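The values are calculated or read from the model by the stated rules, or taken from the named source; none is laboratory data. Since the model is a prediction, treat every value here as computed from it, not as a measurement. Here the Cβ positions follow ideal geometry from the backbone for every residue, glycine too, while neighbour counts run over all protein chains shown. Calculation scope for accessible area: heavy atoms of the full protein, side chains included, ligands and nucleic acids excluded. Shrake-Rupley method; radii C 1.70, N 1.55, O 1.52, S 1.80 Å.
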Amino acid sequence: MQPAPSKPASNEVIQTSGAKHLWTDGLHDEIAFWDKWFRTRGDAWPEDYLSRLDPNLPLADSVVQHLPRGASDVPLEILDVGAGPLTILGKQVPGRTIRITPVDPLADVYRRIMDKHGVTPPVATSWCHGELLTERFRPNTFDLVWAQNSLDHSYDPLRIIEQALTVTRPGCRVVLTHIRNEALNENYQGLHQWNFDGEGSDFVIWNPRTRVNVTKQLGHLAEIRTQLSPASVVVSLLKTTES
């Protein structure tokens, strides 16, 4: 049963005062987790370890369904935001050419951890904070921007979503798939500082200090659909404007 969270009054924007400091303080635990994950070849998730290192892993149907249709000889550009050391996305789509660009603010640290454990990634993650996507990529670049269990670990998730929409092509999607209210579930420890949830058909981001209705905030930029299950929230943002 999903807990009934106590939510603060609504704000128009995410209040990030102190959020980056908390995010920085939580990095030690994140780095330690991944060092152990590589040392133990996946720790409690050995299948995840093997699939992330498989260069022939097909792109999951849950990802493929969000790709635009088009000529099979035109490469599809996919951005994986907060990808960690190894993108969780597959690498192949039958009949299509795809190029995956995984980014993460800890990419340089992850590279050193993988060197330490003798791991060569099939697709290398490069450095970029999600909050800085438009400094790295041009507007209207990607056919799909994907974020899985990552934006709720950031210091300014609303800014990341805005940046992701900017670098997405019109008529294409930003897709967010996250555990519901993960910060609440984890007692706001480490990088767990933001809760993602739904309110009716709207997508909301909140913590004890602030709350924002993303659907209302960004509805002028995209058609936003929110799908809830007891454990997860999946948000599809179809970009409707030219950046």
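Only one of these conditions is not met by Pro122: (1) without any contact (Cβ under 8 Å) to a residue 60 or more places away in the chain; (2) under 26 Å from Phe38 (Cα atoms); (3) open to solvent by 30 Å² or more (accessible area, probe 1.4 Å). Which number is it?
Only one criterion is unmet by Pro122, namely (1).
Report yes if Arg138 is more than 14 Å from the chain's Cα centre (by Cα) and either surrounded by 21 or more Cβ atoms within 10 Å (Cβ to Cβ) or of a type outside the set (S, T, N, Q) (or both), otherwise no.
So Arg138 passes the test.
Just need a number here: residues in the stretch 28-70 that are open to solvent by 70 Å² or more (accessible area, probe 1.4 Å), in contact (Cβ under 8 Å) with a residue 24 or more places away in the chain and of a type in the set (Phe, Trp, Tyr).
Residues that pass the stated criteria total 0.
Within the group Thr16, Thr24, which residue is exposed (fewer than 12 other Cβ atoms within 10 Å of the Cβ), modelled with pLDDT under 95 and under 25 Å from Tyr188 (Cα atoms)?
Thr24
Filter the stretch 86-104 down to the residues that are hydroxyl-bearing (Ser, Thr, Tyr) and open to solvent by less than 20 Å² (accessible area, probe 1.4 Å) and list them by number.
Thr87
Inside the stretch 38-54, can you point out the residues that are in a helix (DSSP H, G or I) and among the acidic types (Asp, Glu)?
Within the stretch 38-54, Glu47, Asp48 meet the criteria.
I want to confirm something. Restricting to the stretch 31-87 and keeping residues that are over 17 Å from Ser236 (Cβ atoms), modelled with pLDDT of 95 or more and among the β-branched types (Val, Ile, Thr), which single residue is farthest from the chain's Cα centre (by Cα)?
Thr40
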